[in-house]
Amino acid sequence: MRFYTGDESGLIKCIDIDANVSLLEAQAQAAKRTKAAAKAKANLKAGEQAAAADTSLAGVEIRTVDGRVNRSNGIQQMCTTKWATNDRAFAVARKNGNIDVVGFEGEQLFTYTDEKFAERVSIKHNGRTINERSYVGLSASDSHFLSCTNMGEVRYQSFATSEAKLMKLPLDACRMRTHNERSSVFAVGGREHELSVWDAETLQESGAGAKPTPIFRAKNVANDFLNLRVPVWITDIQFTSEDATNPTLAVSTGHKQIRLYDARAQQRPVNDWEVSKHPIYHLQASHVRPELYFADNMGNVQQMDMRTGHVFGAFKGIAGAVKSISLSEDGAKIAVAGLDRYVRVFETGSMRRPLHRAYVKQRVSHVVWDWEHKDFSTQEIEEQEAEDIWETMDKAALKKKSNKRKAVAI
Amino acid sequence: MLVPTSEIKNKAKRGEVYAKQRTEKGKAKRQRRQEQKKEELANPELREARLRENVPATQENTREFDEAIVNETDEEVAEDEGEDEFAAYFNGQTPKVLITTTPNAGKRTTGFVKELVSVIPDIEYIKRGKKFELQQIIQFCKNRDYTDLVVVTEDHKEPTHVTLIHLPEGPTAHFRLTRVKGGKEISGHARATSHYPELILNQFSTRLGHTVGRMFAALFPQVPEFQGRQVATFHNQRDFIFFRRHRYVFKSGKRVDLQEIGPRFTLRLRWLQKGLYDPLNGEYEWAYKADLETSRRRVFL
């Protein structure tokens, strides 16, 4: 299994976990090592230093693809994209306002600097003070990138030319996500910032006339049983269908709710469930099953059915808030990473068993599962090696078997 | 020949056989140990070999493997710590600490707070009123350039928790406070002076432990006054942080005598939050949950 993480210190790391080494095995090996180290330490001659402890689990390899530790370069948003001719690359949005495209081997391919991030910001809004600008969403296609800041500044810019389409949305956006198929269709939501879905292609050039119209604009739920307005706090959005013109979305709120919207049905949510005990900050929809995975601020990641609102259960063992969830290609495994500095892999079946973990040393802000990295089981590796050996051998000349009966010597 | 007593059905007979076997076992063990002692007296190398092989398993040396234990030579972690929320302190900023309690604190809590005031130099105690919420107080402290805020929680007329909030945007740590003993309750205690104490932070081994250790370090001035011969110790062992304060004196170059000044208390980390105090909506870097306790040999600090 291969993952790429972006973290607060601006590093992009590649994590390779050998799926054949189970977590229990790796821990047993590590326990043996600890025992041996304890024995060695107890038997040190005076003045000798203890050998440096080997702090890695078997089957886990981590290397830094790009970056040096630097908080101002901290990665806030990350996505994968194709650069030029089929080269895969990462587009990252950094704390200092830069949007960089970095190749999978660490080559710097593109940088965009936003001068607005250098300004000091202190805006009182809805009883809170917004003290800094940050990126709440980033997506990149072959030709353009689309970014959104928490101030509602949306930028749809092409890599080649620097022509940019800008749009100003209301303040306090918490998340911007794009549609899986059409990367110019995006949804934005935030605190007192109701959900809206737009198409970046329809945005006018900066300074032009007509105001763009959204594809879908959501409406707040009805007043509660005391006839009070229900506050709006959208924390994460997921597109749940392939249709980009009439999208269906799943939205998580900071008020512990999960809501489903259907543009064809109505503006109000089609479903509104209170599923959590804590504010939900991250949401991930499964691409193979009608399931949602949501994470709150305390390290509880839960699995729920999107059709009924029933919560199956939680992935146990996570100590800190999860900032990012990623699924494997077959949807059978899930990787979560966050402030506890680990990438943990679980199975998404009914047991939700922990499969493996990798210690990343930094607080992770984004994890991506590399779907194009194939794990070969040992059988497949042997078959491949056998194939290679047969290929290298010369073809023996075929002896033609004579059909004529040999004359029998009398 | 040891007969398995579980196969004897008669209780009286079983008891007899067991008692006999027990005394025989004891005799054999004593004899073996006597012979071993004689052999090792003659040949001390045998003893050394035996000790080398039989290292006893303790809770400390069978600690569950943790990749988060920081290697001293790790550059990345060193760089990360160089840029973390405490970088300002470790680059020379003087700490300015404010301590307060939850509203209506009683005698025991204010007594504990006054002891903490004597431990941490240049600290200010302000009595908590009922007008402002803690989040507002944090804002006031930030406006007045405080670097740390300590809140002692009282429950059932005694101090139960300590919340340590590093300002301006630093982490918030919440500890359970137990076994509080004031200086006066320690027999033969020494008297504190106002000298800056030396600081000892023991066994904070993982990355989380480093963060907590640095939080404690950031409360004290960087340069101690050695003339005061005072030392404050935060000793972490299996996630319990023991605080002690001693006065030391070197006796003729051969040994050190310690006299405890007090207070004496134990802390246990309950949660560490990234950012300022916001227990409902803030993001937690580490929060104690029962399902983290997978084995007795697992510790996090």
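The values are calculated or read from the model by the stated rules, or taken from the named source; none is laboratory data. On a predicted model such as this, the values are computed, not experimentally measured, just so you know. No Cβ is skipped: glycine too gets one built from the backbone with ideal geometry, and neighbour counts run over all protein chains shown. For accessibility, only protein heavy atoms count, side chains too; no ligands or nucleic acids. Shrake-Rupley method; radii C 1.70, N 1.55, O 1.52, S 1.80 Å.
Among the residues of region A:314-338, which ones are closer than 22 Å to A:Arg289 by Cβ and within 12 Å of another protein chain (Cβ to nearest Cβ)? Show your work before the answer.
Taking region A:314-338 as the starting set, the residues that turn out to be closer than 22 Å to A:Arg289 by Cβ are A:314-316, A:318, A:322, A:324-337.
Residues satisfying the conditions are A:Ala314, A:Phe315, A:Lys316, A:Ile318, A:Val322.
If you take the residues of region A:227-260 that are assigned to a loop (DSSP other than H, G, I, E, B) and among the aliphatic types (A, V, I, L, M), which of them is most open to solvent (accessible area, probe 1.4 Å)?
We begin by selecting, within region A:227-260, every residue assigned to a loop (DSSP other than H, G, I, E, B); these are A:227-232, A:240-247, A:254-256.
Now narrow it down to the ones that are among the aliphatic types (A, V, I, L, M): A:228, A:230, A:232, A:244.
Working: A:Leu228: 96, A:Val230: 23, A:Val232: 9, A:Ala244: 8 Å².
Per the criteria, the residue is A:Leu228.
When region A:345-384 is limited to residues that are surrounded by fewer than 19 Cβ atoms within 10 Å (Cβ to Cβ) and β-branched (Val, Ile, Thr), the one that is farthest from B:Asp66 (Cα to Cα) turns out to be A:Ile381.
Here is the figure for region A:339-358: residues that are free of Cβ contacts under 8 Å to residues at least 60 places away in the same chain and within 14 Å of chain B (Cβ to nearest Cβ) total 8.
Under the condition of being of a type in the set (A, V, I, L, M, F, W, C) and over 19 Å from the mean Cα position of the chain (by Cα), which residue from region B:254-270 is farthest from the other protein chains (Cβ to nearest Cβ)? Walk me through how you get there before you give the answer.
The initial filter retains those residues of region B:254-270 that are of a type in the set (A, V, I, L, M, F, W, C), namely B:256, B:258, B:261, B:265, B:267, B:269.
Those left that are additionally over 19 Å from the mean Cα position of the chain (by Cα): B:256, B:258.
Working: B:Val256: 20, B:Leu258: 25 Å.
Filtering first and then ranking leaves B:Leu258.
For region A:203-224, the condition of being touching a residue at least 60 places away in the same chain (Cβ under 8 Å) and touching a strand residue (DSSP E or B) at 6+ places or on another chain (Cβ under 9 Å) holds for none of the residues.
Can you pull out the residues in region B:59-117 that are outside any helix (DSSP H, G or I), away from every other protein chain (no Cβ under 14 Å), aliphatic (A, V, I, L, M) and within 23 Å of the chain's Cα centre (by Cα)? Once the filter is applied, which keeps residues that are outside any helix (DSSP H, G or I), away from every other protein chain (no Cβ under 14 Å), aliphatic (A, V, I, L, M) and within 23 Å of the chain's Cα centre (by Cα), region B:59-117 yields B:Val97, B:Leu98, B:Ile99.
Please list, ordered by residue number, the strands (runs of 3 or more DSSP E) wholly in region A:119-226 having 2 or more residues that are closer than 22 Å to A:Trp83 by Cα. Spell out how you get there, then give the answer.
Details: elements: A:123-125, A:128-130, A:135-140, A:144-149, A:153-158, A:164-168, A:173-178, A:185-190, A:193-199.
So the answer is A:135-140, A:144-149, A:153-158, A:164-168, A:173-178, A:185-190.
Conditions: (1) at pLDDT below 85; (2) surrounded by 16 or more Cβ atoms within 10 Å (Cβ to Cβ); (3) of a type in the set (Gly, Ala, Ser). A:Ala51 meets all but one. Number of the miss? Result: A:Ala51 fails condition (2) only.
Scoring B:Phe140 on the criteria (1) in contact (Cβ under 8 Å) with a residue 40 or more places away in the chain; (2) open to solvent by less than 80 Å² (accessible area, probe 1.4 Å) leaves a single failure, condition (1).
This table checks each residue for (1) within 14 Å of chain B (Cβ to nearest Cβ); (2) assigned to a strand (DSSP E or B); (3) touching a residue at least 40 places away in the same chain (Cβ under 8 Å).
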residue	(1), (2), (3)
A:Thr5	yes, yes, yes
A:Asp16	no, yes, yes
A:Leu24	yes, no, no
A:Leu109	no, yes, no
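Can you pull out the residues in region A:261-292 that are of a type in the set (A, V, I, L, M, F, W, C), under 26 Å from A:Arg229 (Cα atoms) and open to solvent by less than 20 Å² (accessible area, probe 1.4 Å)? Explain how you work it out, then say what you get.
Going residue by residue through region A:261-292, those that are of a type in the set (A, V, I, L, M, F, W, C) are A:263, A:265, A:270, A:273, A:275, A:280, A:283, A:285, A:288, A:292.
Next cut, under 26 Å from A:Arg229 (Cα atoms) only: A:263, A:265, A:270, A:273, A:275, A:280, A:283.
Within region A:261-292, A:Ile280, A:Leu283 meet the criteria.
Output the residue which, of all residues in region B:271-301 that are more than 19 Å from B:Phe86 (Cβ to Cβ) and of a type in the set (D, E, K, R), is nearest to the other protein chains (Cβ to nearest Cβ). Applying the filter and picking the extreme gives B:Asp291. Just one of the numbered conditions (1) assigned to a strand (DSSP E or B); (2) closer than 28 Å to B:Ser194 by Cβ; (3) of a type in the set (S, T, N, Q) is not true of B:Gln227: (1). Quick check: is even one residue across region B:220-230 open to solvent by 50 Å² or more (accessible area, probe 1.4 Å) and under 18 Å from B:Val180 (Cβ atoms)? No, region B:220-230 contains no residue that is open to solvent by 50 Å² or more (accessible area, probe 1.4 Å) and under 18 Å from B:Val180 (Cβ atoms). In summary, B:Lys9 fulfils each of the numbered conditions (1) assigned to a helix (DSSP H, G or I); (2) open to solvent by 100 Å² or more (accessible area, probe 1.4 Å); (3) farther than 30 Å from A:Ala40 by Cβ with the single exception of condition (1). Can you name every residue in region B:230-256 that is assigned to a loop (DSSP other than H, G, I, E, B) and closer than 20 Å to B:Phe65 by Cα? Answer for region B:230-256, where residues must be assigned to a loop (DSSP other than H, G, I, E, B) and closer than 20 Å to B:Phe65 by Cα: B:Arg238, B:Asp239. Of all the residues in region B:244-253, those that are closer than 19 Å to B:Phe204 by Cβ and either crowded, with 20+ Cβ neighbours inside 10 Å or out of contact with any Lys or Arg (no Cβ under 7 Å at 6 or more places or on another chain) (or both) number 1. For region A:302-312, the criterion of being facing chain B (nearest Cβ under 9 Å) and hydroxyl-bearing (Ser, Thr, Tyr) is met by none of the residues. Just one of the listed residues (A:Asn131, A:Asn43) is within 23 Å of A:His193 (Cβ to Cβ) and either open to solvent by 70 Å² or more (accessible area, probe 1.4 Å) or at the interface with chain B (Cβ under 10 Å from one of its Cβ atoms) (or both), namely A:Asn131. Taken over region B:261-300, residues that are open to solvent by less than 30 Å² (accessible area, probe 1.4 Å) and within 26 Å of B:Val117 (Cα to Cα) amount to 10.
In region B:33-48, the residues that are over 18 Å from A:Ala42 (Cβ atoms) reach residues that are part of a helix (DSSP H, G or I) and of a type outside the set (Gly, Ala, Ser) with C-beta atoms within less than 7 angstrom, at least six apart or across chains, in these pairs: B:Glu39/B:Leu46; B:Glu40/B:Leu46; B:Glu40/B:Arg47. Taking the numbered list (1) open to solvent by less than 30 Å² (accessible area, probe 1.4 Å); (2) touching a helix residue (DSSP H, G or I) at 6+ places or on another chain (Cβ under 7 Å) in turn, A:Lys165 passes all entries but (1). Per the listing B:Glu76, B:Glu85, B:Glu40, the residue uniquely closer than 30 Å to B:Asp122 by Cβ, among the acidic types (Asp, Glu), modelled with pLDDT of 90 or more and open to solvent by less than 60 Å² (accessible area, probe 1.4 Å) is B:Glu85. Every condition in (1) in contact with a His (Cβ under 9 Å, 6 or more places away or on another chain); (2) away from every other protein chain (no Cβ under 11 Å) holds for B:Lys251 except the one numbered (1).
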